[in-house]
Amino acid sequence: MTSTVDDPMIGRLIDGRYQITARIARGGMATVFVATDLRLERRVAVKIMHDHLADDEDFRARFIQEARSAARLAHPNVVSVFDQGHDAELAYLVMEYLPGITLRQLLNNFGMLTPEQTLDIMDAVLGGLAAAHEAGIVHRDLKPENVLLADDGRIKIGDFGLARATTANTASGQALLGTIAYLSPELLTRGVADARSDIYAAGIMMFEMLTGSQPYQGEQPMQIAYQHANDQVPLPSSRNPMVPASLDDIVRWGTQRVPESRPKNASEMLDALHIAEPEIRHGVHTTTIPTQQTVVMPANAQGSDNATTVLEGNETAEPLTATGRLRALTSTKRKRSLIVGGVIIALALLAGGLGWFFAAGPGSYVPIPVTAGQAPEIATAALKDAGFQVTPKEINSTTIKKGLVIDTDPSGGSRVPKGAALVLNISLGPKMIAVPATVGLPQADAEKAITAAPFTLKTVTTKFDATVASGLVIAALNGSGKPLGDTYAELGNVTLIVSAGPLPDVVGKPQADAFATLTAAGLKPQVASEDYSTSVAKGSVVSLNIPEGGLGPGDTVGAVISKGPEMITIPDVIGDIIADAASQLTALGFVVTSNAPDVYWSSLRVLSMSEKPGTQIAKGSTIELYNP
């Protein structure tokens, strides 16, 4: 497993759900990370397409095809795919996380495997491949790197990135995909592939497990491709005399240069493996092919194109079963010499040593305690108690609170040799970076400046503003809704407020006309209330209720509609002291004047008035009091 704390993806939250914690693999199309599914609280593997491929529609389609192909398979020997999507510029898929190693790592560490170990691995590989073939899917990139050996003993096929439906079996002029050492002759020469191409790759994998090397070697890929296209894969026993004849037969059958001479799918090859298994494990013979017999050879086995050659013997022909076809590919069992016996004993001792090495020896791998989110002193104690060497390192994190553990490197949950040295990454909190000027910029320029900083552009909100031209930025707000300062946390959420221009002026317009204007501007007008107005005609808009945060297209706006002026009945104040009459009329909303000087209002009485008592006039109207 590899983990790079400097990788910018470490600590990133994908699609608001998947928290990236460590990098575990990098391939030609994508990088795979360990992540935490915050919604379901489980560890997952997130595969993210490389940036330079994300804009290529062909690669994007192939990436999505991987998710769809694998998601169609529900089998214990196939890596499960949980989710697929896009987050900004990232294309990703979410898979089952399997702590452990790949078959390639196992072969690199221990060279060849025993026949029994090969049976165990191939039984799982062919089981998963059979499920794919039954679902109409061809893997096209089967190799040890794509076979995962989990810590709990599960064996699964992953990376369906090159998978295709079995009906889509022709190349389209692109460079051949896959690993050259495992590509079938027909894929190399004609660019076509079906289930039998996967069988060829499985046969090459078996050869490599049984012998510790690939059948063909060369300094250039084309040298290896030429041998696959023109030569017959040798028997594994030619390099490792320990290999039993039955496994020789299966490898020879699966790696026939002519597709028609191979098993038609993984189920047929798996059946043959099951037939051979009792003899390999327990020495129990499951076939009854006599030494002298009639053997039916498959087409092309003797160089003919279509003929079936019959070799006569003293016995009747065995039916053309999986066993019969296997035995037809090798004429007799090999004879072992004393030297071969010595080799077998040596390899048997090696197999026993490997078992001890895996189970309890110094090469056994142990899991790293998960410490993410813990206090450093607690995490350090747990790691040291588990026998690891710990070196603390402070780094920035956009997701883990300052002072807490981000993760170990390698990440918690992965398996490493006993006593390995680990780096304990402790959060410094998010890195504070300078905030670019965005107010007054066009929206597109401001968005580029925010993402390049880098911050996370959370939302863009449009508001009406009479002081800023339409399309320009009014403000940039942080996650709390306050304006950004001079610095801000790396990848922090930013909301841009963009001007939609001035709010339409509808005050004084009839309700129908005003509402039509507001609707055309993208608003949703409604009557908020009605009120008296001496300045706005009845049925027209008096004012709009504008919230503190302003209004934008799509918002609902409340309008106050005029009921016209309020009519008030004039009381009879004739004979009252002018000051008292004026106070009464003013309280009713009238404007009061008098022909008498102000200094006499408290002594003179009202003898007449400009409006007749008992009549109704508009509130706010002027009434004059006379004396005499």
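The values are calculated or read from the model by the stated rules, or taken from the named source; none is laboratory data. Quick caveat, the model's predicted, so the values are computed rather than measured. Cβ atoms come from the backbone with ideal geometry, glycine included; neighbour counts cover every protein chain shown.
Assuming Thr569 fulfils every condition listed in (1) out of contact with any Lys or Arg (no Cβ under 8 Å at 6 or more places or on another chain); (2) among the hydroxyl-bearing types (Ser, Thr, Tyr); (3) modelled with pLDDT under 95 apart from one, which condition is it?
Checking Thr569 against (1) out of contact with any Lys or Arg (no Cβ under 8 Å at 6 or more places or on another chain); (2) among the hydroxyl-bearing types (Ser, Thr, Tyr); (3) modelled with pLDDT under 95, the one that fails is (3).
Take the stretch 482-516 and flag every residue that is crowded, with 19+ Cβ neighbours inside 10 Å, small (Gly, Ala, Ser) and assigned to a helix (DSSP H, G or I).
If the condition is that a residue be crowded, with 19+ Cβ neighbours inside 10 Å, small (Gly, Ala, Ser) and assigned to a helix (DSSP H, G or I), then Ala514 is the only one that fits.
Kindly indicate whether Thr459 is outside any loop (DSSP other than H, G, I, E, B) and modelled with pLDDT under 95. Working first, answer last.
Numbers: outside any loop (DSSP other than H, G, I, E, B): yes; modelled with pLDDT under 95: yes.
It is true that Thr459 is outside any loop (DSSP other than H, G, I, E, B) and modelled with pLDDT under 95.
Can you tell which of Val460, Val390, Val439, Val423 is within 30 Å of Ala25 (Cβ to Cβ), surrounded by fewer than 18 Cβ atoms within 10 Å (Cβ to Cβ) and among the hydrophobic types (A, V, I, L, M, F, W, C)?
On the way: Val460 fails: within 30 Å of Ala25 (Cβ to Cβ); Val390 fails: surrounded by fewer than 18 Cβ atoms within 10 Å (Cβ to Cβ); Val439 fails: within 30 Å of Ala25 (Cβ to Cβ).
Val423 is the lone residue from the list that is within 30 Å of Ala25 (Cβ to Cβ), surrounded by fewer than 18 Cβ atoms within 10 Å (Cβ to Cβ) and among the hydrophobic types (A, V, I, L, M, F, W, C).
Restricted to the stretch 409-425, and to residues that are within 19 Å of Pro8 (Cβ to Cβ) and part of a strand (DSSP E or B), which residue is nearest to the chain's Cα centre (by Cα)?
Looking at residues that are within 19 Å of Pro8 (Cβ to Cβ) and part of a strand (DSSP E or B), I get Asp409.
Confirm whether Val81 is of a type in the set (Val, Ile, Thr), crowded, with 21+ Cβ neighbours inside 10 Å, closer than 25 Å to Ser414 by Cα and at pLDDT 90 or above. Give the derivation first.
Working: of a type in the set (Val, Ile, Thr): yes; crowded, with 21+ Cβ neighbours inside 10 Å: yes; closer than 25 Å to Ser414 by Cα: yes; at pLDDT 90 or above: no.
No, not satisfied.
Quick test for you: out of Ile406, Ile400, pick the one residue that is assigned to a loop (DSSP other than H, G, I, E, B), under 15 Å from Ile10 (Cα atoms), touching a residue at least 60 places away in the same chain (Cβ under 8 Å) and of a type in the set (A, V, I, L, M, F, W, C). Outline the logic, then answer.
Values: Ile406 fails: assigned to a loop (DSSP other than H, G, I, E, B).
Testing whether each residue is assigned to a loop (DSSP other than H, G, I, E, B), under 15 Å from Ile10 (Cα atoms), touching a residue at least 60 places away in the same chain (Cβ under 8 Å) and of a type in the set (A, V, I, L, M, F, W, C) leaves just Ile400.
Regarding the stretch 242-256, can at least one residue be identified that is over 24 Å from Ile121 (Cα atoms), assigned to a loop (DSSP other than H, G, I, E, B) and either among the β-branched types (Val, Ile, Thr) or modelled with pLDDT under 95 (or both)?
As a first pass, look at the stretch 242-256 and keep what is over 24 Å from Ile121 (Cα atoms): none.
Checked against the condition, which is being over 24 Å from Ile121 (Cα atoms), assigned to a loop (DSSP other than H, G, I, E, B) and either among the β-branched types (Val, Ile, Thr) or modelled with pLDDT under 95 (or both), the stretch 242-256 yields no hits at all.
What pairs come up if the first residue lies in the stretch 113-131 and is in contact (Cβ under 8 Å) with a residue 24 or more places away in the chain, the second is hydroxyl-bearing (Ser, Thr, Tyr), and their beta carbons are under 6 Å apart, counting only those six or more places apart or on different chains?
Cβ pairs passing all conditions: Ala130/Ser267.
Take residues that are among the aliphatic types (A, V, I, L, M), loosely packed, with under 15 Cβ neighbours inside 10 Å and in contact (Cβ under 8 Å) with a residue 12 or more places away in the chain and tell me which of the strands (runs of 3 or more DSSP E) falling wholly in the stretch 526-628 contain 1 or more. Explain how you work it out, then say what you get.
Details: elements: 541-545, 556-562, 567-569, 591-594, 616-618, 622-626.
In the stretch 526-628, 567-569, 591-594, 616-618 are the strands (runs of 3 or more DSSP E) which contain 1 or more residues that are among the aliphatic types (A, V, I, L, M), loosely packed, with under 15 Cβ neighbours inside 10 Å and in contact (Cβ under 8 Å) with a residue 12 or more places away in the chain.
Looking for something assigned to a helix (DSSP H, G or I), more than 13 Å from the chain's Cα centre (by Cα) and either of a type in the set (Lys, Arg) or within 20 Å of Ala150 (Cα to Cα) (or both) - is there at least one such residue anywhere in the stretch 77-89? So that I can check it myself, show each step before the final result.
Going through the stretch 77-89, the residues assigned to a helix (DSSP H, G or I) turn out to be none.
The answer is no; no qualifying residue exists.
Output the residues belonging to the stretch 15-32 that are over 15 Å from Asp51 (Cα atoms) and of a type in the set (A, V, I, L, M, F, W, C).
Applying the first criterion (over 15 Å from Asp51 (Cα atoms)) to the stretch 15-32 yields 15-25.
Scanning the stretch 15-32 gives Ile20, Ala22, Ile24, Ala25.
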